[in-house]
Amino acid sequence: RGYLPLGKDWAITQEKSNKGAGFPMLHIHIMNIKGWLRGVHHQCGDHRLQQYLDEYHFRFNRRGFLSSIFDKLITKMTEAQPRNYKMIKCELNT
């Protein structure tokens, strides 16, 4: 039942839920995902669902570092080698 069959391949232990103490936060997280999917992607097919969830969690996990995104972008832009149109066009065709 549940995740116990995964225990044969991974070191998984089952913990009691403390009478559902974590469920309100789980519910909020699920509602945030659903709202984000509806607001950003408008529709979600089965073939793209995992990619959308990966993107959501990438953004969610980095939500506290938003002030440094611009600084990192500028740093990467100044450290990168210049590219001309011909180089960019070749990269897009491969």
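The values are calculated or read from the model by the stated rules, or taken from the named source; none is laboratory data. Treat the numbers as computed from the prediction; the structure is a model and nothing was measured. Counting neighbours? That spans all protein chains shown, and the Cβs are built from the backbone with ideal geometry, glycine included.
Before moving on, here are some points about what is shown:
- For region 1-56, the set of residues classified as hydroxyl-bearing (Ser, Thr, Tyr) and in a loop (DSSP other than H, G, I, E, B) consists of Tyr3, Thr13, Ser17, listed by residue number.
- Yes/no for Thr78 being at negative phi, at pLDDT below 85 and either exposed (fewer than 10 other Cβ atoms within 10 Å of the Cβ) or in contact with a Cys (Cβ under 9 Å, 6 or more places away or on another chain) (or both): no
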